[in-house]
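**Q** Please read through the structure below; I'll follow up with questions.
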Amino acid sequence: MFRVAAGQDDVRWAGPDPVPEGGPCVSTTEHRAVAPTRRDPVPGPSRPEADSPRPPAEVPIPSDPDALRALDAAELPGLARTLRRRLVEICAEHGGHLGPNLGVVELTLALHREFRSPDEPIVFDTGHQAYVHKMLTARAELQGLRREGGTSGYPDRGESPHDVVENSHASGSIAWAHGLDRAHRLAGEQGVAVAVIGDGALTGGVGLEALNELAADRGARTVVVLNDNTRSYAPTVGGIAHHLAALRAGEVLPGQDLFTLLGLSYLGPVDGHDLDALAAATAAARTAAEDPDSAGVILHVTTRKGAGFARAESDAVDHWHATGPFSLDGEEATKPAARTWSARLGEAVLASARSDERVVALSAAMIDPVGLTPMQQEMPERVLDVGIAEQLALDTAAGLSAGGRRPLVALYATFLNRAHDQLLLDLALHGEDVTITLDRAGVTGDDGPSHHGIWDLALATQVPGLTLWAPRDGARLDEAVPTALGTPGPSIVRFPKGVCPAELPALVQLPAGDVLAGDAEAPIDVLLVSVGALADRAVAAAEEIARTRPGANIVVLDPVRALPLREELLDLAAGARAVLTLEDGLAERGVGAALGTRLAARATPSAPGPVVHCLGVHLEFIAHAKRDAILAAQGLDVPGIARSLRALL
Ligand SMILES: Cc1ncc(C[n+]2csc(CCOP(=O)(O)OP(=O)(O)O)c2C)c(N)n1
Ligand SMILES: [Mg+2]
């Protein structure tokens, strides 16, 4: 079977593997067709469960945290077993973040037994590892996980008072928890606030800023649970990761750890699969947090991503950080995976890097998901993982550019939000030659409001001197990457998630862009300006209208280079009766809106110019559902675009 990784991942191959039969399976076999990255993990620490000959009897999932606290500690191993089995079964059906959740089964049990959620809030950083938390807070079945109307793949305030933060962007949990703690103390309330943050998320600037702040707040009652599984997707990078490794190895003298030296109370490292050790450690963390003379507490817990499921634990690429639906019997697929936008991007970047030695690629902890693995394998010294730190990636790229290199930063579109200031004032103000590629641009789907890549175009239109391509197909992507790398100043190449669509050749190439349908030489009834990969839908909608309104001249035009707006495009648009713009981003703020503003600025009372309507997503947070269903609901499918065209005829 092949697995299409959850929402945000590429199609990849996985191999045979048993469903866990009580307790973790131990395997070091390499199953994946994707070659391991060069920083493969060393085998994990010793596995206590492997020693027990007979697995404990399964214990049903309790209805709520009170019922969990009422269980005898002896029942917890059986409950952990039930939770693992259900995680695997549910993710096999729905896909999801299986590896991270398998790793936090025991930890989440311990947290909910010690801390009284929701009064003592537990903030899960990023939130992809909150499935077990959901199962223990009255959502045992994760009903309809990641499907429209079903359980969200992240914490969701609409689902439960136990869910605090739904923002799936990493590294904010410490600040959130510390803010909640401060609010409680200001209100004279008791209790602690808890942040659960991964070693990967701790590479993000806002996480480190929060630690800095927390370390100096005497009387803080914030517990930071550092869930150290040594990995983001890939092994975690940087000096702190090395320090955590030294702590795990017992190589740091007591009191000489980074956290203690900063002013925090450090507890650990604790085996995150040992329920007794966790119970003692969480109680100790509470005591330390409640000490009025101490600042925040760090509880360092070591876990294994994918624990208990050999196929995940032995996976060298990402330990099944995220998976699509998969077969429980581990059957191999017989068909090769289709070529995704990410894979094609990776090929285009590698080709550019081969022909220009100045090209270097950067990623914010996502080298494999953004398609850079082939380049990393061929020229590892020219691929840089900076950790979950998009701001850092852009500023490092600025420095590389100033130093004579041609950096390309490969991100997911939603995460560019983190680094808008760097884009504007470091790259654009200084005219640095940096290319940013944005994968998963537009509506993504299953991962919900914070993962849609719908803000990048709106942000890009505000940046002076920025050049942007939104290729409609793989051939245009292949052209855009080297062109962007050769363009002065910052540039963006943005494209959606999933498989590259069939190629859509131009009927005619004009200075204004590629004509995909209609006659641009004749009077134009509607100029449909299609930015990016919704072009096939634009053409299909125009064809549908042509069947019912044969006389109407609807010209579908892809500007190819969408920003800055070309004068030739404005001239063509000014001559049309009506203009409809289409993009996979905010309708009110994107390329179409910029075009409308420029056309309005040309208008006079005697020559008011064309009517302009902008199609895109509404200014709202869009819940998880399938991409096509969301596009239809937003009027961005073929019938929706056709409706908009008809309204302009
Ligand atoms: C700002 C930001 N950039 C990138 C991501 C994508 N991302 C999701 S989870 C993850 C790795 C998280 O690693 P860690 O915090 O150690 O958690 P683990 O999965 O290991 O439990 C990354 C890079 C993100 N969520 N937020
Ligand atoms: Mg981690």
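The values are calculated or read from the model by the stated rules, or taken from the named source; none is laboratory data. From a predicted model like this one, the values you see are computed outputs, not experimental measurements. Glycine gets a Cβ as well: all are built from the backbone with ideal geometry, and neighbour counts include every protein chain shown. In case anyone asks, the SASA skips ligands and DNA or RNA and just uses the protein heavy atoms, side chains included. Shrake-Rupley method; radii C 1.70, N 1.55, O 1.52, S 1.80 Å.
**Q** Kindly indicate whether any position in the stretch 115-124 is within 16 Å of ligand 1 (Cβ to nearest atom), out of contact with any helix residue (DSSP H, G or I) (no Cβ under 7 Å at 6 or more places or on another chain), of a type in the set (Lys, Arg) and under 27 Å from residue 280 (Cβ atoms).
**A** Step one: list which residues in the stretch 115-124 are within 16 Å of ligand 1 (Cβ to nearest atom), which gives 122-124.
Next cut, out of contact with any helix residue (DSSP H, G or I) (no Cβ under 7 Å at 6 or more places or on another chain) only: none.
Among the residues of the stretch 115-124, not one is within 16 Å of ligand 1 (Cβ to nearest atom), out of contact with any helix residue (DSSP H, G or I) (no Cβ under 7 Å at 6 or more places or on another chain), of a type in the set (Lys, Arg) and under 27 Å from residue 280 (Cβ atoms), which makes the answer no.
**Q** Checking residue 366 against (1) on the phi < 0 side of the Ramachandran plot; (2) within 16 Å of ligand 2 (Cβ to nearest atom); (3) touching a helix residue (DSSP H, G or I) at 6+ places or on another chain (Cβ under 8 Å), only one condition comes out false. Which one?
**A** Condition (3) is where residue 366 drops out.
**Q** From the list 195, 175, 220, 216, which residue is outside any loop (DSSP other than H, G, I, E, B) and either of a type in the set (D, E, K, R) or more than 16 Å from ligand 2 (Cβ to nearest atom) (or both)?
**A** Values: 195 fails: either of a type in the set (D, E, K, R) or more than 16 Å from ligand 2 (Cβ to nearest atom) (or both); 220 fails: outside any loop (DSSP other than H, G, I, E, B); 216 fails: outside any loop (DSSP other than H, G, I, E, B).
Answer to the check: 175.
**Q** Return yes when residue 105 is more than 17 Å from residue 449 (Cβ to Cβ) and among the β-branched types (Val, Ile, Thr) and no when it is not. Before the answer, list the steps.
**A** Numbers: more than 17 Å from residue 449 (Cβ to Cβ): yes; among the β-branched types (Val, Ile, Thr): yes.
Considered against the rule, which asks whether it is more than 17 Å from residue 449 (Cβ to Cβ) and among the β-branched types (Val, Ile, Thr), residue 105 comes out as yes.
**Q** May I ask you to list the residues in the stretch 411-423 that are within 12 Å of ligand 1 (Cβ to nearest atom) and open to solvent by less than 40 Å² (accessible area, probe 1.4 Å)?
**A** Hits for the stretch 411-423 are 411, 412, 413, 414, 415, 416, 419.
**Q** Only one of 180, 214, 186 is open to solvent by less than 10 Å² (accessible area, probe 1.4 Å) and away from ligand 1 (no atom under 16 Å from the Cβ). Can you tell me which?
**A** On the way: 180 fails: open to solvent by less than 10 Å² (accessible area, probe 1.4 Å); 186 fails: open to solvent by less than 10 Å² (accessible area, probe 1.4 Å).
Selected residue: 214, the only one of 180, 214, 186 that is open to solvent by less than 10 Å² (accessible area, probe 1.4 Å) and away from ligand 1 (no atom under 16 Å from the Cβ).
**Q** I would also like to ask the following. Evaluate the following for residue 588: is it more than 17 Å from residue 463 (Cβ to Cβ), of a type in the set (Asp, Glu) and in a loop (DSSP other than H, G, I, E, B)?
**A** Working: more than 17 Å from residue 463 (Cβ to Cβ): yes; of a type in the set (Asp, Glu): yes; in a loop (DSSP other than H, G, I, E, B): yes.
Spelling it out, residue 588 is indeed more than 17 Å from residue 463 (Cβ to Cβ), of a type in the set (Asp, Glu) and in a loop (DSSP other than H, G, I, E, B).
**Q** Does residue 609 fit the bill of being part of a loop (DSSP other than H, G, I, E, B), closer than 18 Å to residue 520 by Cα and not polar (S, T, N, Q)?
**A** Values: part of a loop (DSSP other than H, G, I, E, B): yes; closer than 18 Å to residue 520 by Cα: yes; not polar (S, T, N, Q): yes.
So residue 609 fits the description; yes.
**Q** Then there is this: Kindly check whether there is at least one residue in the stretch 242-253 that is part of a helix (DSSP H, G or I), surrounded by fewer than 19 Cβ atoms within 10 Å (Cβ to Cβ) and among the β-branched types (Val, Ile, Thr).
**A** Looking only at the stretch 242-253, we keep the residues that are part of a helix (DSSP H, G or I), and these are 242-248.
Next, from what is left, pick out any that are surrounded by fewer than 19 Cβ atoms within 10 Å (Cβ to Cβ): 242-243, 245-246, 248.
Those left that are additionally among the β-branched types (Val, Ile, Thr): none.
Checked the stretch 242-253: no residue is part of a helix (DSSP H, G or I), surrounded by fewer than 19 Cβ atoms within 10 Å (Cβ to Cβ) and among the β-branched types (Val, Ile, Thr).
**Q** If you scan the stretch 451-464, which residues turn out to be open to solvent by 20 Å² or more (accessible area, probe 1.4 Å) and in contact (Cβ under 8 Å) with a residue 60 or more places away in the chain? If you could, list the steps in order and put the result at the bottom.
**A** Residues of the stretch 451-464 open to solvent by 20 Å² or more (accessible area, probe 1.4 Å): 455, 459, 461-462, 464.
Scanning the stretch 451-464 gives 455, 461.
**Q** For residue 230, are the conditions met, namely being within 13 Å of ligand 2 (Cβ to nearest atom), of a type in the set (Val, Ile, Thr), open to solvent by 40 Å² or more (accessible area, probe 1.4 Å) and in contact (Cβ under 8 Å) with a residue 40 or more places away in the chain?
**A** Details: within 13 Å of ligand 2 (Cβ to nearest atom): yes; of a type in the set (Val, Ile, Thr): yes; open to solvent by 40 Å² or more (accessible area, probe 1.4 Å): yes; in contact (Cβ under 8 Å) with a residue 40 or more places away in the chain: yes.
Taking the combined requirement at face value, the residue satisfies it.
**Q** Is it the case that residue 385 is open to solvent by 10 Å² or more (accessible area, probe 1.4 Å), within 16 Å of ligand 2 (Cβ to nearest atom), over 24 Å from residue 459 (Cα atoms) and touching a strand residue (DSSP E or B) at 6+ places or on another chain (Cβ under 6 Å)?
**A** Details: open to solvent by 10 Å² or more (accessible area, probe 1.4 Å): yes; within 16 Å of ligand 2 (Cβ to nearest atom): yes; over 24 Å from residue 459 (Cα atoms): yes; touching a strand residue (DSSP E or B) at 6+ places or on another chain (Cβ under 6 Å): yes.
Yes; evaluated as a whole, the condition is true for this residue.
**Q** Working only within the stretch 387-410, note down all residues that are over 11 Å from residue 361 (Cβ atoms) and within 16 Å of ligand 1 (Cβ to nearest atom).
**A** Of everything in the stretch 387-410, those that are over 11 Å from residue 361 (Cβ atoms) and within 16 Å of ligand 1 (Cβ to nearest atom) turn out to be 387, 388, 389, 390, 391, 392, 394, 395, 396.
**Q** Please return the ranges of strands (runs of 3 or more DSSP E) entirely within the stretch 507-557 where 3 or more residues are in contact (Cβ under 8 Å) with a residue 60 or more places away in the chain and open to solvent by less than 30 Å² (accessible area, probe 1.4 Å). Before the answer, list the steps.
**A** Numbers: elements: 508-510, 513-517, 526-530.
Counting at least 3 such residues, we get 526-530.
Residue-by-condition table, conditions (1) open to solvent by 10 Å² or more (accessible area, probe 1.4 Å); (2) over 20 Å from the mean Cα position of the chain (by Cα):
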position: 99; (1), (2): no, no
position: 102; (1), (2): no, no
position: 105; (1), (2): no, yes
position: 141; (1), (2): yes, yes
position: 148; (1), (2): yes, no
position: 157; (1), (2): yes, no
position: 162; (1), (2): yes, yes
position: 165; (1), (2): yes, no
position: 173; (1), (2): no, no
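**Q** Got a number for residues in the stretch 479-506 being of a type in the set (Val, Ile, Thr) and open to solvent by 10 Å² or more (accessible area, probe 1.4 Å)? Even if it seems obvious, please write down each step before you answer.
**A** The initial filter retains those residues of the stretch 479-506 that are of a type in the set (Val, Ile, Thr), namely 481, 483, 487, 492-493, 499.
Now drop any that are not open to solvent by 10 Å² or more (accessible area, probe 1.4 Å), which leaves 483, 487, 499.
Going through the stretch 479-506 one residue at a time, the tally reaches 3.
**Q** May I pose another question? Can you go through 260, 203, 222 and tell me which one is more than 16 Å from ligand 1 (Cβ to nearest atom), touching a residue at least 40 places away in the same chain (Cβ under 8 Å) and either β-branched (Val, Ile, Thr) or under 30 Å from residue 373 (Cβ atoms) (or both)? Working first, answer last.
**A** Numbers: 260 fails: touching a residue at least 40 places away in the same chain (Cβ under 8 Å); 203 fails: more than 16 Å from ligand 1 (Cβ to nearest atom).
Residue meeting the stated conditions: 222.
**Q** Right, next: Considering every residue within the stretch 105-118, establish whether at least one is part of a helix (DSSP H, G or I), touching a residue at least 60 places away in the same chain (Cβ under 8 Å) and of a type in the set (Val, Ile, Thr).
**A** The first filter runs over the stretch 105-118 and keeps only residues part of a helix (DSSP H, G or I), leaving 105-114.
Still in the running and touching a residue at least 60 places away in the same chain (Cβ under 8 Å): 105-107, 109-111, 113-114.
So of that shortlist, the ones also of a type in the set (Val, Ile, Thr) come out as 105.
Taking every residue of the stretch 105-118 in turn, at least one turns out to be part of a helix (DSSP H, G or I), touching a residue at least 60 places away in the same chain (Cβ under 8 Å) and of a type in the set (Val, Ile, Thr).
**Q** Of all residues in the stretch 287-330, count the ones that are small (Gly, Ala, Ser), out of contact with any Ser or Thr (no Cβ under 9 Å at 6 or more places or on another chain) and within 12 Å of ligand 1 (Cβ to nearest atom). Spell out the reasoning first.
**A** First pass over the stretch 287-330, keeping only residues small (Gly, Ala, Ser): 288-289, 294-296, 306-308, 310, 312, 314, 316, 322, 324, 327, 330.
With the extra rule that they be out of contact with any Ser or Thr (no Cβ under 9 Å at 6 or more places or on another chain), the set shrinks to 307-308, 322, 324, 327, 330.
Subset that is within 12 Å of ligand 1 (Cβ to nearest atom): 307, 322.
Going through the stretch 287-330 one residue at a time, the tally reaches 2.
**Q** Out of 394, 424, 350, I need the residue that is in a helix (DSSP H, G or I), touching a strand residue (DSSP E or B) at 6+ places or on another chain (Cβ under 8 Å) and aliphatic (A, V, I, L, M). Which one? Reasoning before the result, please.
**A** Working: 424 fails: touching a strand residue (DSSP E or B) at 6+ places or on another chain (Cβ under 8 Å); 350 fails: touching a strand residue (DSSP E or B) at 6+ places or on another chain (Cβ under 8 Å).
Going through 394, 424, 350 in turn, just one is in a helix (DSSP H, G or I), touching a strand residue (DSSP E or B) at 6+ places or on another chain (Cβ under 8 Å) and aliphatic (A, V, I, L, M): 394.
**Q** From the list 247, 264, 278, pick out the single residue that is within 16 Å of ligand 2 (Cβ to nearest atom) and in contact with a strand residue (DSSP E or B) (Cβ under 7 Å, 6 or more places away or on another chain). Give the steps one after another, and end with the answer.
**A** Working: 264 fails: within 16 Å of ligand 2 (Cβ to nearest atom); 278 fails: within 16 Å of ligand 2 (Cβ to nearest atom).
Within the list 247, 264, 278, the selection yields 247.
**Q** Continuing with the same structure: Looking only at the stretch 223-241, count every residue that is among the hydrophobic types (A, V, I, L, M, F, W, C) and either farther than 25 Å from residue 316 by Cβ or part of a loop (DSSP other than H, G, I, E, B) (or both) and tell me the total. Walk me through how you get there before you give the answer.
**A** Pass one, the stretch 223-241, residues among the hydrophobic types (A, V, I, L, M, F, W, C): 223-226, 234, 237, 240-241.
Next, from what is left, pick out any that are either farther than 25 Å from residue 316 by Cβ or part of a loop (DSSP other than H, G, I, E, B) (or both): 223-225, 234, 237.
Here the count works out to 5.
**Q** Can you pull out the residues in the stretch 356-372 that are open to solvent by 10 Å² or more (accessible area, probe 1.4 Å) and either among the basic types (Lys, Arg) or assigned to a strand (DSSP E or B) (or both)?
**A** 358, 360
**Q** Those residues that are buried (at least 21 other Cβ atoms within 10 Å of the Cβ), of a type in the set (Ser, Thr, Tyr) and outside any strand (DSSP E or B), I need them from the stretch 270-317; list them, please.
**A** Correct list: 282, 303, 314.
**Q** With respect to residue 364, is the statement that it is small (Gly, Ala, Ser), at pLDDT 95 or above and away from ligand 1 (no atom under 16 Å from the Cβ) true? Working first, answer last.
**A** Values: small (Gly, Ala, Ser): yes; at pLDDT 95 or above: yes; away from ligand 1 (no atom under 16 Å from the Cβ): no.
In short, no.
**Q** Going by the conditions given, is residue 643 surrounded by fewer than 18 Cβ atoms within 10 Å (Cβ to Cβ) and free of Cβ contacts under 8 Å to residues at least 24 places away in the same chain? Please lay out each step first, then the result.
**A** Values: surrounded by fewer than 18 Cβ atoms within 10 Å (Cβ to Cβ): yes; free of Cβ contacts under 8 Å to residues at least 24 places away in the same chain: yes.
Taking the combined requirement at face value, the residue satisfies it.
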